[in-house]
1. I'm trying to understand the selection: among the residues of the stretch 33-59, which are in contact (Cβ under 8 Å) with a residue 60 or more places away in the chain and closer than 17 Å to D95 by Cβ?
2. Mind listing whichever residues of the stretch 25-59 are part of a loop (DSSP other than H, G, I, E, B) and among the aliphatic types (A, V, I, L, M)?
3. Taking V67, is it touching a His at 6+ places or on another chain (Cβ under 6 Å) and either closer than 23 Å to V103 by Cβ or at pLDDT below 95 (or both)?
4. Among the listed residues V13, V54, identify the single one that is of a type outside the set (G, A, S) and modelled with pLDDT of 95 or more.
5. Confirm whether E21 is more than 11 Å from the chain's Cα centre (by Cα), modelled with pLDDT under 95, in a loop (DSSP other than H, G, I, E, B) and closer than 26 Å to V108 by Cα.
6. Can you tell me which residue within the stretch 79-112, out of those that are under 17 Å from Y43 (Cβ atoms) and at pLDDT below 95, is farthest from the chain's Cα centre (by Cα)?
7. For the stretch 60-96, give me each residue that is touching a residue at least 40 places away in the same chain (Cβ under 8 Å), assigned to a loop (DSSP other than H, G, I, E, B) and buried (at least 18 other Cβ atoms within 10 Å of the Cβ).
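The values are calculated or read from the model by the stated rules, or taken from the named source; none is laboratory data. All values reported here derive from a predicted model rather than from experimental measurement. No Cβ is skipped: glycine too gets one built from the backbone with ideal geometry, and neighbour counts run over all protein chains shown.
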Amino acid sequence: MAEEGGGAGERKVEAPLPETERIVWREDAGRFETPDGEAFLQYRLPSPAVMDMVHTYVPRSKRGQGVAARLCDAAFAHARDRGMRVVPTCSYISDTYLPRNQVFKELVHKGQDPDPKSSSM
């Protein structure tokens, strides 16, 4: 591998994330998940500009490793990059993740009803 940088013997190598740290977006299933599909964040899109994060699940074998937070990181980054607002329906997201990650509070949907189909006319 070629050396990068200015100093002798210096090089920058970017290793791929281990399988345990990668998060996969499964648009067809409406979820972000670990590569094995065991841990996931389920969402729905009540409108093209709103992502309702409805459920986060991490099996016992993966708990305590920051998996739920990484799922949320991926989902919030996805929403931010696409100019979407987020409805934190999942209690983990509203009660634990958002208080610890104030930077994403600006993405929270302020409207009363994110689902236009449920509004009365």
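1. Going residue by residue through the stretch 33-59, those that are in contact (Cβ under 8 Å) with a residue 60 or more places away in the chain are 46-47, 50, 52.
The one that is in contact (Cβ under 8 Å) with a residue 60 or more places away in the chain and closer than 17 Å to D95 by Cβ: D52.
2. The first filter runs over the stretch 25-59 and keeps only residues part of a loop (DSSP other than H, G, I, E, B), leaving 30, 34-39, 48-49, 58-59.
The answer is A39, A49, V58.
3. On the way: touching a His at 6+ places or on another chain (Cβ under 6 Å): no; either closer than 23 Å to V103 by Cβ or at pLDDT below 95 (or both): yes.
For V67, the condition - touching a His at 6+ places or on another chain (Cβ under 6 Å) and either closer than 23 Å to V103 by Cβ or at pLDDT below 95 (or both) - is not met.
4. Values: V13 fails: modelled with pLDDT of 95 or more.
That would be V54, the only listed residue that is of a type outside the set (G, A, S) and modelled with pLDDT of 95 or more.
5. On the way: more than 11 Å from the chain's Cα centre (by Cα): yes; modelled with pLDDT under 95: yes; in a loop (DSSP other than H, G, I, E, B): yes; closer than 26 Å to V108 by Cα: yes.
Here the answer is yes, as E21 does meet what is asked.
6. Per the stated criteria, the residue is G111.
7. C90
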